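Asks: Take a look at this one; I'll ask things after.
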Amino acid sequence: MSSVDVVIPCYKYGSVLPGAVRSVLDQPGVDVRVLVIDDCSRDGSADVARELAAADSRVTVWEHETNKGHIATYNEGLLGWASADYCALLSADDALTPGALKRAADLMDAHPSVGFVYGRPLHWDGSDPYPHARTESQGWIVYEGEKWLRRRFELGDGCITSPEVVVRTELQQKIGGYDPALPHTGDIEMWMRFALHADVGYLRGVDQAFYRVHGNNMSVNYYAGSGVRDLQQRLAAYEALLDRADGSRRDVASMEQRVRRVLAKDALRRAGRAYDKGRVDAEPVEELVEFARKAFDGADRLPEWHTLRLRQRLGVRACRALSPLVLTAAARRLRQTYRLRQWKREGI
């Protein structure tokens, strides 16, 4: 039977911590251990954690005397404690779906080349009971690490939330943990780093974790507004990955240009939407344009640049009047994209 260690960092989430811990302890078909790291909550969360440890010997609690922050806390557990075949990081306000760990372990048992496994996260508002989750295995796909990595550069975004991931512990400790220089996109960079060294497993048609969406999510608070910081942090993650890969790859320059182009297009689209929504005064359009110019030398030759300039010439009032037509065209593109994805269902 495979073993899985789960690290649960906790900062002022004592009220929901029992649900996260129980979702791990109730996993069938694997030997599990849980480490709860309380990052100096000082609100009673550590008391809750100690009670959970007293009730089940599989639970260990570490308590910080001073707040170390989320990156240091993650790495402390993953690199300094985990020793099982596989390991996972689970936020104290999230939870695993039934059977999630065994599904992931079965895939990695069958494919030693796979460095980590993920499935779908099920977004959830924290209500009780949990929403219905798909837990019947529909098989899996094993992607070559190189193919999966290239797809990330083609899209310019991560495809993983976090609680739905289980990694091979030995590889995690070989490549290192979350990069402290990337406090908001360290996960994107780390999954890509895994793909430099191993294949990637995807569990089809199942929900692997409950991801709680609420106003206190770090990503919600950080990326609120125009998304300029989101774009900056995403670019930083890709650059960090390429810095690590430099010397082992001949295509660093082309991959960097590819992702810079994608992110510049994203910034220009966001600026254009500000005109369609009549929010030019509320959204930092010029910051988005400046990001696009700095990110990609050919930004002023992109189609999104010209459509933005057209919007600027028309003005906000005309853009708002024409926005239904824009939405119709966008819907048509979405339908086309959906059909392509159906045809390439076995792709990434």
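Asks: Somewhere in segment 152-174, is a residue over 29 Å from residue 261 (Cα atoms), out of contact with any strand residue (DSSP E or B) (no Cβ under 6 Å at 6 or more places or on another chain) and without any contact (Cβ under 8 Å) to a residue 24 or more places away in the chain?
Replies: yes
Asks: Also, quick follow-up: Spot the failing condition for residue 61; the list is (1) touching a residue at least 60 places away in the same chain (Cβ under 8 Å); (2) over 19 Å from the mean Cα position of the chain (by Cα), and only one is missed.
Replies: (1)
Asks: Another question, then. Quick one: in segment 156-194, which of the residues that are among the polar types (S, T, N, Q) and not in a loop (DSSP other than H, G, I, E, B) is nearest to the chain's Cα centre (by Cα)? Spell out how you get there, then give the answer.
Replies: Going residue by residue through segment 156-194, those that are among the polar types (S, T, N, Q) are 161-162, 169, 172-173, 185.
Subset that is not in a loop (DSSP other than H, G, I, E, B): 169, 172-173.
Values: 169: 19, 172: 17, 173: 20 Å.
Taking the candidates together, the pick is 172.
Asks: Could you grab the pairs with beta carbons closer than 6 Å, sequence gap of 6+ or different chains, first residue in segment 267-285 and farther than 13 Å from residue 318 by Cβ and of a type in the set (Lys, Arg), second one buried (at least 23 other Cβ atoms within 10 Å of the Cβ) and at pLDDT 90 or above?
Replies: 270/288
Asks: May I ask you to list the residues in segment 13-30 that are touching a helix residue (DSSP H, G or I) at 6+ places or on another chain (Cβ under 8 Å) and surrounded by 16 or more Cβ atoms within 10 Å (Cβ to Cβ)?
Replies: Hits for segment 13-30 are 13, 14, 17, 21, 24, 27, 30.
Asks: Limited to segment 81-106, what total is found for residues that are outside any loop (DSSP other than H, G, I, E, B) and under 16 Å from the mean Cα position of the chain (by Cα)?
Replies: Keep residues of segment 81-106 that are outside any loop (DSSP other than H, G, I, E, B), which gives 86-89, 95-96, 100-106.
From what is left, the residues that are under 16 Å from the mean Cα position of the chain (by Cα) are 88-89, 95-96.
Residues in segment 81-106 being outside any loop (DSSP other than H, G, I, E, B) and under 16 Å from the mean Cα position of the chain (by Cα): 4 in total.
Asks: In segment 272-282, what count of residues is obtained for those that are within 17 Å of residue 309 (Cβ to Cβ) and over 25 Å from the mean Cα position of the chain (by Cα)?
Replies: At the first step, the residues of segment 272-282 found to be within 17 Å of residue 309 (Cβ to Cβ) are 272-276, 280.
Within this subset, residues satisfying the condition of being over 25 Å from the mean Cα position of the chain (by Cα) are 272, 274-276, 280.
Qualifying residue count, segment 272-282: 5.
Asks: So, one more: Scan segment 286-293 and tell me whether some residue there is basic (Lys, Arg), modelled with pLDDT under 95, in the same structural domain as residue 234 (by TED's automatic domain parsing) and assigned to a helix (DSSP H, G or I). Explain how you work it out, then say what you get.
Replies: Going through segment 286-293, the residues basic (Lys, Arg) turn out to be 293.
From the residues that got through so far, the ones that are modelled with pLDDT under 95 too are none.
No; the residues of segment 286-293 include none that is basic (Lys, Arg), modelled with pLDDT under 95, in the same structural domain as residue 234 (by TED's automatic domain parsing) and assigned to a helix (DSSP H, G or I).
Asks: Still on this model: Can you tell me which residue in segment 195-207 is surrounded by the fewest Cβ atoms within 10 Å (Cβ to Cβ), limited to those that are touching a strand residue (DSSP E or B) at 6+ places or on another chain (Cβ under 8 Å) and outside any strand (DSSP E or B)?
Replies: Looking at the filtered set, the residue picked out is 197.
Asks: Within segment 121-144, which residues are over 24 Å from residue 17 (Cβ atoms) and outside any loop (DSSP other than H, G, I, E, B)? Walk me through how you get there before you give the answer.
Replies: Narrowing segment 121-144 to residues over 24 Å from residue 17 (Cβ atoms): 134, 136-144.
140, 141, 142, 143, listed by residue number.
Asks: Something else: Please tell me if residue 238 is among the aromatic types (Phe, Trp, Tyr) and either touching a Phe, Trp or Tyr at 6+ places or on another chain (Cβ under 8 Å) or modelled with pLDDT of 95 or more (or both). If you could, list the steps in order and put the result at the bottom.
Replies: Details: among the aromatic types (Phe, Trp, Tyr): yes; either touching a Phe, Trp or Tyr at 6+ places or on another chain (Cβ under 8 Å) or modelled with pLDDT of 95 or more (or both): yes.
Against the criterion (among the aromatic types (Phe, Trp, Tyr) and either touching a Phe, Trp or Tyr at 6+ places or on another chain (Cβ under 8 Å) or modelled with pLDDT of 95 or more (or both)), residue 238 qualifies.
The values are calculated or read from the model by the stated rules, or taken from the named source; none is laboratory data. Worth saying up front: this structure is predicted, and the values here are computed from it rather than measured. With ideal geometry, Cβ positions are generated from the backbone for all residues, glycine too; neighbour counts draw on all protein chains shown.
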